[in-house]
1. Determine the dipole magnitude for the stretch 1-140: charges of +1 sit on the beta-carbon of Lys and Arg, -1 on that of Asp and Glu, nothing else is charged, the reference point is the Cα centre, and the result goes in debye to the nearest 20.
2. Ranking Ile87, Ile7, Ile208, Ile62 by Cβ neighbours within 10 Å, fewest first, what do you get?
3. Exposure proxy check: His49, His78, His16 ranked by fewest other beta carbons within 10 Å?
4. Quote the relative contact order of the stretch 1-67 in percent (integer), defining contacts as alpha-carbon pairs under 8 Å separated by 6+ residues.
5. State, as an integer percentage, the relative contact order of the stretch 1-145 based on alpha-carbon contacts under 8 Å between residues 6 or more apart.
6. Tell me which of Leu21, Asn51, Asn5 sits at the most positive position along the dipole axis of the stretch 1-67, charges placed on C-beta atoms (Lys, Arg +1; Asp, Glu -1).
7. Taking K and R as +1 and D and E as -1, what net charge do the other residues with C-beta under 13 Å from the C-beta of Asp52 add up to?
8. Rounded to the nearest Å, what's the spacing between the alpha carbon centres of the stretch 52-126 and the stretch 1-46? Just the number, please.
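Derivation of every value follows stated rules applied to the coordinates shown; laboratory data play no part. None of these values were measured; they are calculated from a predicted model. Quick reminder, even Gly has a Cβ in these numbers, built from the backbone with ideal geometry, and neighbours come from all protein chains shown.
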Amino acid sequence: MDLKNQIELELYFADHFDTILFPVLADIYLNQEDYRRARKVCNIGLGYHENDAAGRFVLAQIEKAEGNLKEAEKQLKHVIKYSPDNIRAAIMYCEIQTVLDRSPSRLLTSWKRVLTLDPLNQTAKEFIEKVESRSDEKKQKKKSPKSKSKKSLAKPNKNSSETSESLNVSVRLATFTLVNVLKNQALFYQALEVLDLLEQKGEDPDMIRLERDAVKELIKTSEKEKK
């Protein structure tokens, strides 16, 4: 069978729902952005092969494309469990966890997995160094009584790490759906960062302008509420 021949695969799949080749057909539909058919093939195939990592990875990509980031994260976790050497899944898992604002400790574990699989991955190196250096700084501050007293007197920072820390999201992951997800989570500065990436990609400038104005208004409202 020619695995690149869509018609052959469709005919074979119609007669063999239990085939382990279902991810190949699902991936063809995914690349055509036919997410409905891709999802249907995955759901049927995974009904027979629940732990098929390739099928789960295609499903994760469908969920991501449709903006279902929590479901994509769930599928990628499954992929990594049964295919721990899947570097694409490991990187996508980190990117989605970053967008979902998972804890630094969880992200550190995920990026260390990426670095184990790809020792030259620059993003993983930079993230790990950044988090570990912060951890060292916190330990130093705890040892210093002066820094502790200053901390107790300091006013809350409006632009805390929760609201202003850079996402370091790849251009490929930047979408208007992602902007809406970040807005819903009150991650307004990260939303502006994604809009900058969309501008670099040459997306609709009017839509970017409207979204940027909306996010800036949300920031103003948020800052007023904190006063």
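1. Using only the charged Cβ atoms, the result is roughly 680 debye.
2. Details: Ile87 13, Ile7 8, Ile208 18, Ile62 23.
By the 10 Å Cβ count, ascending, the order reads Ile7, Ile87, Ile208, Ile62.
3. His16, His49, His78
4. Numbers: 61 pairs, mean separation 18.5, N = 67.
Worked out over the stretch 1-67, it gives 28 percent.
5. Details: 139 pairs, mean separation 18.4, N = 145.
Relative CO of the stretch 1-145 lands at 13 percent.
6. Of Leu21, Asn51, Asn5, it is Asn51.
7. On the way: positive: Arg56, Lys81; negative: Asp18, Asp27, Glu50.
Every neighbour counted, the sum reads -1.
8. 23
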